[in-house]
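> Below is the structure I would like to discuss, written out as structure tokens.
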Amino acid sequence: MRSSVQPLMTDPPLTRRRKAWLVFKVIELRLRFIMILVVTGLVFGYWDEITNRFEKWQRNRSGLTQSTVESSVEFYCPMHPSVVREKTANCPICGMPLSQRKKGQKTELPTGVLARVSLAPNRIAQAGIRTEPVAYRALTESITTVGQIQFDERRLARISSKAKGLSRVEKLYANFTGDRVEAGKPLAELYSPEIYQAIRELLMAKRNLSERSQSASSRSIGPDILEIGREKLALWGVTPAQMDDILTHNRSDFKLPLLSPITGIVVRKNVVEGQYVNEGDPLFEVADLRHVWVTAQVFEDQISRVFVGQKVHAVIGAVAGKTYEGTVAFIDPALNPETRTVAVRYDLANPAGDLKPGMYATVTVKTPVSETPLFREKLALQNQKKHVVAKPSPTVADQKICPVTKKELGSMGPPINLSLSANQKVWLCCNSCEEKLKSDALKYLGTPEPAPTGYVLTVPESSVIDTGTRKIVYIEAEPGVFEGREVTLGPRSGEFFPVLDGIGPGQRVATSGSFLIDAETRLNPGISGTYFGSSQPDSTKP
């Protein structure tokens, strides 16, 4: 009997192609999963950039493209750098139309201005910035150096033997160094065979003249022989009075006295009694110490500040509580190559004899700065460069530049003609310059008046910033607006510097906090204009 159960149906066998397709589908599913994970990670990682790009795309779609272009420029006031606007307008301070520039662009500064920065009143108070007007002062430059007391060479005498050949020192009147002698008094007596023979010949000529006075030949020859004998003794140092004494008393034992030519102190004694000396040997040196020299050593970089006739003060350590005053009498024309100094001498009275040669002195040379040769020379060069107004009433073509803003006339609108007096007119670039020019016409139009006699223009030492290659001061051009100016200064005198060029009288300089102003120009070069220090790249204004 045939079974009624039907056999089960089985899947067809997998072919090679079928197997490959299944493997491909499995790999595809896994790759999709991996791609989803990668995309999700990238979205989370770059979410900020995606949102920024989306917002930019949205703004462009909303019609804000024009405002984006306009935001790349800004409008500023050349006179008040703190005034910056996004749209064109007038300066709320001076009313001048604002100028256009790119954001971060450095401001074009007037000629002579190295940097400009504007500070709010609260920042000025916090920084402790103080200003002081530039004024004339009577500065005195001092040089302090070491000096030494020396003999006055004009009052120093050297006594030597005039007798021919060897002479013997028979007697000394000046027995020791330091002995005081009077002018015309003997220092010593010398015996010389040559002088003895000359005296014998003189006495013999006198005797022969008296014995043969009746003879005509004697009367013509005798006086000549006597006169020749006197001249011979005079050449050896015998005075006419001594010769008369020899002839009157027939003194053949005459000893030649050495007389002191000046009153002073024996500073050197080279002989003793009984010593034989030659003709010309120096026997004594006598110095008049009622007048001495003070010789000071001045370094070569200071010698230009010293001149003949300059006042000098000396303090001697051995003479306490006394100052000796004098004037420079001589400057050595040669420099000492070893010490690199020049000797400067001045004369000093010493009536009491307190000053001894060899003493050290502290010498102070004081010079009014206005009288120093270097200051006079630079001041003369400065005067040659002074601006001279050729026409009292120039035209726009003649003047070309506004004296206040230093900008070209017409750059701020139609030029304005201002009459300062009946004979003087000037052109300005805008209305805001009129008030400034009237408040200080000397500052903008002319050179300052010459300084009073003995006075120089000065700035405090605390206001000067020395960059190594130039010296800078910050002046307050407007309330809260400070401008850096390069100045030419003389040598420092106390707490002040004399000014040769760069600023004028009456301008206010920052004396306290000037380094903070300078730091502000470094930190924000975009708002301060060209900086005078190291070169810096342009930066975008924050």
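Values in this text are rule-based calculations from the coordinates and carry no lab data. Predicted, not measured: the structure shown is a model, and the values here were computed from it. A quick note on method: Cβ atoms are made from the backbone with ideal geometry, for glycine too, and the neighbour counts reach across all protein chains shown.
> Tell me, what HN-Hα J-couplings in whole Hz come from the Karplus equation 6.51 cos²θ - 1.76 cosθ + 1.60 at θ = phi - 60° for each residue of the stretch 140-152, using x for Gly and Pro?
10, 8, 10, 10, 10, 8, 9, x, 9, 6, 9, 5, 6
> Relative to the present Cα-Cα distance, how much length would full extension add between MET35 and ASP179 at 0.36 nm per residue of separation? Before the final figure, lay out the partial values.
Numbers: separation 144, 0.36 × 144 = 51.84 nm, distance 12.07 nm.
That works out to 39.8 nm of additional length.
> With a sphere of radius 12 Å drawn around the Cβ of ASP354, what net charge do the other residues whose Cβ falls strictly inside it have (Lys, Arg +1; Asp, Glu -1)?
Overall, the nearby charge balance is +3.
> May I ask you to evaluate 6.51 cos²θ - 1.76 cosθ + 1.60, the Karplus curve with θ = phi - 60°, for each residue of the stretch 271-280 and list the ³J(HN,Hα) values in order in whole Hz, giving x for glycine and proline?
Result, rounded to whole Hz: 10, 10, 4, x, 7, 8, 10, 8, 5, x.
> What FRET efficiency do you get for GLN275 and THR467 if R0 is 56 Å and r is their Cβ-Cβ distance, rounded to the nearest 0.05?
Plugging the Cβ-Cβ distance into 1/(1 + (r/R0)^6) gives 0.15.
> Oh, and also: I need the phi-derived Karplus couplings for the stretch 33-45: 6.51 cos²θ - 1.76 cosθ + 1.60, θ = phi - 60°, integer Hz, Gly and Pro marked x.
Working through the residues one at a time gives 4, 5, 4, 4, 5, 5, 4, 4, x, 5, 4, 5, x Hz.
> Skipping prolines and chain starts, which residues have an amide H placed within reach, meaning under 5 Å, of the one on SER493, given they are 5 or more residues away or on another chain?
Amide H to amide H, under 5 Å and 5 or more residues apart or across chains, SER493 pairs with nothing.
> Taking the Cα-to-Cβ direction at SER304 and at ARG492 and moving 7 Å from each Cα, how far apart do the two end points lie in nm?
Distance between the two pseudo-spin positions: 1.9 nm.
> At R0 = 35 Å, how high is the FRET efficiency between THR327 and ILE401 if r is their beta carbon distance? Nearest 0.05 is fine.
Numbers: r = 50 Å, r/R0 = 1.44.
It comes to 0.10.
> Does anything in the stretch 255-272 have its amide N under 14 Å from the 7 Å Cα→Cβ label point of TYR196, and if so which residues?
255-256
> Would you grab the residues whose amide H sits under 5 Å from the one on HIS291? Only those 5+ places off in sequence or on another chain, please, with H modelled 1.01 Å from N.
ASN350
> Which far-off residues, 5 or more places away or on another chain, put their amide H under 5 Å from the one on ILE262, with H placed in the peptide plane?
Here GLY184 satisfy the definition.
> Using Cβ contacts closer than 10 Å as the measure, can you line up PHE44, PHE151 from fewest to most? List each step's numbers first, then the result.
Numbers: PHE44 8, PHE151 19.
Going from sparsest to densest Cβ surroundings: PHE44, PHE151.
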